[in-house]
Structures are given as structure tokens and as C-alpha cells.
Amino acid sequence: MEKTEVLIIGGGLAGLFTALNIDSNIKITIVVKDSINIANSELAQGGIAAELSKSDDVLIKHIKDTFRAGANLNDALATKTLVYEAGDNIERLIEFGVEFDTDNQGNLLMAQEGGHGTRRILRAGGDATGREIMKALKKRIMEKENINVIENAMAIDLIIKNGICHGATIIDRENNVCDILSAKVVVATGGLGAVYKNTTNPKIATGDGIAMAYRAGAVLHDLEFVQFHPTAFYGDGAGQKFLISEAVRGEGALLLNSEGERFMPKYHELKELAPRDIVSQSIYREMYDTWSDHVYLDIRHQSKEFLMTRFPTIYEKLSQNNIFMEKDLIPVAPVEHFSCGGIMINICGQTTIPNLYACGECAYSGVHGANRLASNSLLECVVFGHRIADDINSSELKIEECELPAHKPTIKHYEFKSVRVEIRDVMEKYVGIVRTKDGLDIAYKIINRHYKNLSKTLVHSHYYYETLNMATTAKLIIEAAMARKESIGCHYRVD
């Protein structure tokens, strides 16, 4: 058993930014499931949406774009908070050493992406914004004497006594179990993409935070809203897919079907820059109508010099596959990308369980509604991470002694791989871009069977808990999708 004043579960942008804004005299432990270098935040290409102006007229336009993308299911107060506190948090990132791209005069460069009415996306490293932000924050984290980072350790359950969170139980790669008591716990575990066959998420994104919070009794919200990114590179096989940033369309790329025809003008007035749910559903329809499993991005009107400078990461990846953006069409298809729902929080990041916070993709702050506006996700991490830090800084941090859970060191070499494969196949087939009642019923029967079997077979290993969390999260997504009968945002039912 160990003690720390603040326990942060997750080492992505949400977790690290929260930690850096907590007072330096507070002892913090960050538990990272794999290496601190592996997180969804690292993969963010497009950038971070933020209006730096203090003008109400300018800020309200960002709010309106966010509501339009989210089908007006966004929480008004949370969305206003997100947009109005963006500028201060961008300045904080710069203070932490983040170097955003600038022009020759030192002015911040702004890009445009789908759903945005203007250029308000800050970027770094051309198309490596997440990597550059995380590099700067990790450097600062390692310099902080009050922060201890534990890598290759997975939080498996929250410690709850009398309805209050007192810490979490973790397990390392050697299957050693340890309880960590803390005054405050922040769940920042990222996404759930690994429950799908094809996703832009890393394989460690197994919905751990959502599943833990569910077992602890926290309120969850809007899990049916799973966003599919319209343009992942087609051709990598099943598993994690390489993202072709929305910013490519922001620089004028067109979408063509397998017959070489541009199709977005017939689906939405914003054409290729329509919100992601519209573009993904339009691509799905075109693939269905043309008996194809992908479409194409065409940005051949831009020069090689421009493309290599603006999109160095994407250009290199495609060239490795013998595709050159200045002369070739880029094959793309929609894949799972982001969970708009999650653990319900208020504007201070507090969940419905005292002493428990959530931040980032695992949380439901209300800012995304039925479909996330491009590049609002990194902004959500920093705005609400800062708010959580402020709340912790103003709190009395007392580590309460409590009875710890009993751990029976059951380690069995069960083979869960076939269960994982079936979960991913079922979610891909029945709970994807297009959903039906019959499909959801089939998916629920299969997933719920796995969930029940795993729930009664406790095994202390990383692999078991990941599989249990996959089954739990998949079940919760299906239940939410079954409950919402109408099509809205990225929840599209054809029946």
C-alpha cells in the first residue's frame, strides 16, 4: 500500500496538464498503463482549436460552430467555458514550452478544419501538434520533484468506501497488485477505440477509465456517440489506422468516390468541411453505392514543397507506401476515432463520486454534444485539466485511512484473445457508423455473454482486466445506442 495526495491515472495531455497546474507543494503520483510516450494525445495531427481574441463576437462564433457540429446537444455552460478559457490555457501551454507554428513575423499560424467557419486551429510541427505538445509537457513533468511517474502499471479498480473515492488499485507487468490511497483521484485514461476492429487509437485504449468508473458506481453519459474519423489511411490492415488529418481538407483536398467523382457537395453545404459525422456517413453511402470499401482524397493541386512543409508526418507515411500527395490520390475510409460520451463531470471536472475527477476523452463534460467539432478535444483536456487543478489547489487534501480491498492473487494463463477478436468484430459490424435495432440486439447478446463470463472469472493480470474493460465498455455503448431510437450526430440508425 502506498499514499499520495493526488493520484492521476493516465499520462496523456489531460493527465499531464492537470498535474502541471497543481501546486508544487502537493505530492502527485501519475500511473501510466504503458510507456508515457504512448497516448492518443501523441497522435493528434490537426491541432488545438482556440480563439485567442477576447471579442464576444469572435468567441460566440466558435461556440456556434461547436453546437452545430454537436447537433445542439452540447451543454451551454461547459461549451462557453471551453471557448472563453481557451486563450489563457494556450498561453499556459506556451509557458510550459510548447512551440506552436508561426510565420516569419512570429505570428501564430492558424488552420481550418471541418465544421469550423474560420481558421482557428493552432498547430505545431506542421501536422504533429500532439507530439510537440506532449514532448514539452513530459520534459516539464520530469523536472518536477513533487511528481512521481509510475510506468507500465494499470489501474484496475477505484477504491470506494461509503460512496467516496479513496484511491485506486494498480497492477504492474509482473502482475503485482498495489493499493494507492490518495485524497483526490483524477481519471484521465483516454479513449475506447480498441473495442473496435479498426481505429485511430493505440491498442491500449480499452476503455479502462469508463469501465472502472462504471464498477465504482459513477454516472456515465452519452456513450452511444462514438465518432468515426472520415479519413484514415486505407491499406494498413486491421487494427490501429494512420490518420489523415482533417487539416488536409482544410487546405483544399477534395473527396472522390471510387469512380473519381466528387460527392460531398450533394450531401452538405460545407462540402468537404462539413462536420465529421456528416462526412463519415456520406463516405459510407458512397462506398455502399459504388461497391467499394474506400474513397479518395485529392490534394494534387498543392505543390510538393507545400505538402512536405505543411504535412511532414503524413507525407512521410504515405511515401513509405509509395503514395505521393502531389501526384497520387490518397485512399481513405472512416474508422473509430473518439468517444464523445464518458464519465459525467461538472465544469470543475468533478464526477458524481466525491474526491473523483475525470478529464479528457474518458470524461463527458458536455462540450461535444452528439458529435465532436474537430480539434476541440485537446482544448477540452487543457481547459478542464486546469479547472480540476484549481479545484484541487483550493481543497483540503487529507488522505483518509480506510479498509482496503482483499486481493486474492489468482493468476491463470487463460487465453482471452478470441474474446477480444469477437468483441472488435461485433462492434465493427453492428455498432459502427450505421446501426439498426436487429444489429444492436445481436451485438448485445454476444457482448453481454462475454461480459458476464469475464465478470465471474477474476484473474489478476493486465490482459484480463483489459479484456474485461473492453467487454464492459462495449456493453455500455450498445445499451446507450439501443436506448436512443432517433438518429442524431454520430449515432445514425437506419431503422
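The values are calculated or read from the model by the stated rules, or taken from the named source; none is laboratory data. As the structure is a computational prediction, the values presented were derived from the model and not from experiment. Here the Cβ is made from the backbone with ideal geometry for all residues, glycine too, and neighbour counts use every protein chain on show. Side chains included, ligands, DNA and RNA excluded: accessible areas come from the protein's heavy atoms. Shrake-Rupley method; radii C 1.70, N 1.55, O 1.52, S 1.80 Å.
Worth pointing out:
- The stretch 336-495, Cα convex hull volume normalised per residue, Å³: 139 Å³
- Surface analysis of the stretch 339-432 yields an accessible area of 40 Å² per residue, using protein heavy atoms and a 1.4 Å probe.
- Dipole of the chain [Lys/Arg +1, Asp/Glu -1 at C-beta], most positive-end residue of THR472, ILE30, PHE384: THR472
- Seen against the Cα atoms of the chain and their longest principal axis, helix 56-69 is set at about 90 degrees.
- The charge dipole of the stretch 234-347, taken about the Cα centre with unit charges on the Cβ atoms of Lys, Arg (+1) and Asp, Glu (-1), comes to about 180 debye, rounded to the nearest 20.
- Sites ASP172 and ASN25, calculated FRET efficiency, Cβ-Cβ separation with R0 35 Å, nearest 0.05: 0.80
- Accessible surface area normalised per residue over the stretch 1-131 is 39 Å², counting heavy atoms of protein chains with a 1.4 Å rolling probe.
- Rounded D (µm²/s) - the stretch 159-307, Kirkwood Rh over Cα pairs, Stokes-Einstein at 37 °C, 0.692 mPa s: 175 µm²/s
- Around the amide H of VAL332, modelled in the peptide plane, lie the amide H atoms of TYR234, VAL295, TYR296, LEU297, all under 5 Å away and 5 or more residues distant in sequence or on another chain.
- Rounded tilt (10° steps) of 376-393 against the dominant C-alpha axis of the chain: 30 degrees
- A protection proxy built from the mean count of other Cβ atoms within 10 Å ranks the segments 200-213, 122-135, 419-432, most packed first, as 200-213, 122-135, 419-432.
- For the stretch 275-328, the fraction of alpha-carbon pairs in successive 10 Å shells from zero, as %: 22, 36, 36, 5
- Helix-only mean residue ellipticity at 222 nm for the chain, each DSSP H run of n ≥ 4 adding -39500 (n - 2.57), per residue, nearest 500: -11000 deg cm²/dmol
- Remark: the chain carries a charge dipole of roughly 920 debye about the Cα centre, counting +1 on each Lys and Arg Cβ and -1 on each Asp and Glu Cβ.
- Kirkwood Rh, Cα atoms: Rg over Rh of the chain: 0.95
- The Cα trace of the stretch 325-414 gives Rg and Dmax of 19.7, 65 Å, the first to one decimal, the second as a whole number.
- Cα long-axis angle, helix 276-289 against the chain (0 to 90 degrees, to the nearest 10): 60 degrees
- Atom-type composition of the exposed protein surface of the chain places 49 percent of the accessible area on carbon and sulfur (1.4 angstrom probe).
- Within straight-line cross-link reach of LYS412, lysines at Cα separation under 20 Å, skipping those fewer than 8 residues along the same chain: LYS452, LYS456
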